[in-house]
Amino acid sequence: MLMNIATLNAASARALDSGNLEEWPGFFLDDCLYKVTTADNHEKAYQAGLIYADSRAMLEDRVLALREANIYERQRYRHILGMPLIQVGSDGSVAAETSFMVVRTMRDGQMMVFAAGVYLDRVMRDADGAWRYAERIVVCDSQRIDTLLAIPL
Amino acid sequence: MDQPVHSQVGAWPPGLTRIPFWVYRDAGIAHHEQTRIFEGPDWHFLCLEVDVLQTGDYRTTMMGAMPVVVARAEDGEVVAFENRCAHRGSLICLDDGGRVKDFHCVYHAWRYDLRGNLTSIAFRRGVNGQGGMRDDFDMTQHGPRKLRVTVQCGLVFGTLSAETPDFEAYIGPEIMVRLRRVLHKKVEVIGRFTQQLPCNWKLYMENVRDTYHASLLHTFFATFKITRLSQGGGVMVSDNGVAHASTTLAAAQGPDTAYAGLRADNQDLKLRDPGFMAAVPEFGDAINLQILSIFPGFILQQIHNALAVRQIVPRGVDTMDLHWTYLGFADDTPELRTMRLKQGNLAGPAGFVSMEDGAVGGFVQRGIAAADGEAAIVEMGGAGAEGAATRATEASVRGFWKAWRARMGV
């Protein structure tokens, strides 16, 4: 089980880090919740996110907007993932907590620790038996975002 | 305001249609902005009234570089004072907010009441008859600087100056109507985020007031007809240049070719889940977008149902923090709240629209690195700073400079 979750995490991170953004929504169920928030907002139970999507289609739209609409300087991410801490629920879904760190490299070579935090995931099998995210809450440790958050975390 | 600021880098071209680039780069200008603007006769947004609902609630904030505490005093009044101990200057409050009986400085335990009055000094009488303060030390003569405070539509504003005019006179009656239109009942905070922008704070405020750029820089707006200059709406600017409000009416029916050929016009772009773009009418009018700003650093945003206040805090000549507070109303239905959460994707550091606003100030800051002798052109819509029935104008940007120059004597 641990390997299933770790592999899903690694594949999702690879899609973002390698620039294959179109692949990334495929790691989510059709009905899903993806939210990027911060530790402070999470503790206070504030509902809003920096990114808030309650369907895979909204994730696809975000990728489409990043490709076709939005202006941002060329950049790439490198996700460093911790080992998932998992708990299997009675319905077969898995709750997973995974630390992450993202280093952002800009087109001029400038690198920074762009974000660090924890993924709070609920993972389930889809109709074909593949493990997919039903919910991914990205809780960033810092509430400060440098310039903009374009590529999802 | 008596003595003009003598810049070492150049003079201001005549009129309001040119902005010399040194104004975004000069450390001397930034220093004078702190004393003349952030500590001067302007109303500065401090926090929301709901941040300090009960007696003893406090919230820390900034007026430019100056740290400030806002608190609810025993008599129910919202008060504010500099977050600086009278003794050695340490911060009095170290957290974003909370609830306290009184305040004390951690350094030497000097205590303050909820209004920022100094109430006790540790070991004032010394220890075992030795040391301590002189008997004639008068605690009433020492304390952090206190602010005048006004609460308007659930927003707390403060000023250090006795000369700052009444709030409604300050922003003007027209803008007051636009403020009341959105903040007409009790709000609830639904998120707080900070965006660090790599630009001088004035570049961001100009961007907010720049009604000309929105549908050109932001493809998302134009393609989905959230705002195009060919839609109805306009911009109003207070006579003193202090406040502005721009509005966009819901899109008219029928084809619109005003943007044909521009990059922002991308009619092939189709959302798979466009449901979140449908605004729920909640203000009793056809305005689906209103951006309101108050000099120097406050913005109120209504983009469909995505409501937020933004506060500008300069952090040096070429860096600033933008503090976003996302809002709902306390009586939101679950459906309306969900709509706000989904439309939150438009704004903020990851917003389909505003992520570009976060970057474009940095593009200017980097572009002008060697251009202290050059000037920006703001001539769209003429040379004045009056309101207009179109957004194809830079009147509101000129209004900002009218207010800025009046304070800086430049």
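Some points to look at:
- Orientation-averaged projection of the protein assembly as shown equals 30.7 nm² [convex hull of Cα atoms, one quarter of hull surface area].
- Dividing the summed -39500 (n - 2.57) terms of all DSSP H runs of n ≥ 4 by the residue count of chain A sets its mean residue ellipticity at 222 nm at -7000 deg cm²/dmol.
- Per DSSP, loop trypsin sites (Lys or Arg not before Pro) in region B:304-385 with at most 14 further Cβ within 10 Å: B:ARG315
- Solvent-free Debye calculation, one equal scatterer per alpha-carbon of region B:172-408: log10 I(q)/I(0) at 0.11, 0.14, 0.16 Å⁻¹ equals -0.55, -0.93, -1.25.
- D_trans [Stokes-Einstein, Kirkwood Rh over alpha-carbon pairs] for chain A, 25 °C, 0.890 mPa s, µm² s⁻¹: 155 µm²/s
- Acute angle (nearest 10 degrees) that the helix B:354-367 long axis makes with the longest principal axis of chain B, alpha-carbon atoms: 80 degrees
- Largest mean-square fluctuation among A:ILE86, A:ILE71, A:ILE51, in a Gaussian network model of chain A whose springs join Cα atoms under 10 Å apart, belongs to A:ILE71.
- In the protein assembly as shown, lysine pairs with alpha-carbon atoms under 25 angstrom apart (chain gap of 8 or more, or interchain): 14
- Estimated 222 nm signal from helices in chain B, with DSSP H stretches of n ≥ 4 weighted -39500 (n - 2.57), rounded to 500: -5500 deg cm²/dmol
- Among B:LYS146, B:LYS202, B:LYS270: highest mean-square fluctuation, GNM of chain B, C-alpha pairs under 10 Å: B:LYS270
- For chain B, built as a Gaussian network whose Cα springs stay under 10 Å, the top-fluctuating residue of B:GLN365, B:GLN141, B:GLN196: B:GLN141
- Pairwise Cα distances in chain B exceed 41 Å for 19 percent of all pairs.
We did not get these values from a lab; they are worked out from the coordinates using the rules stated. Just so you know, these numbers come straight off a predicted model, no measurement behind them. Backbone-built Cβ (ideal geometry, glycine too); neighbour counts: all protein chains shown.
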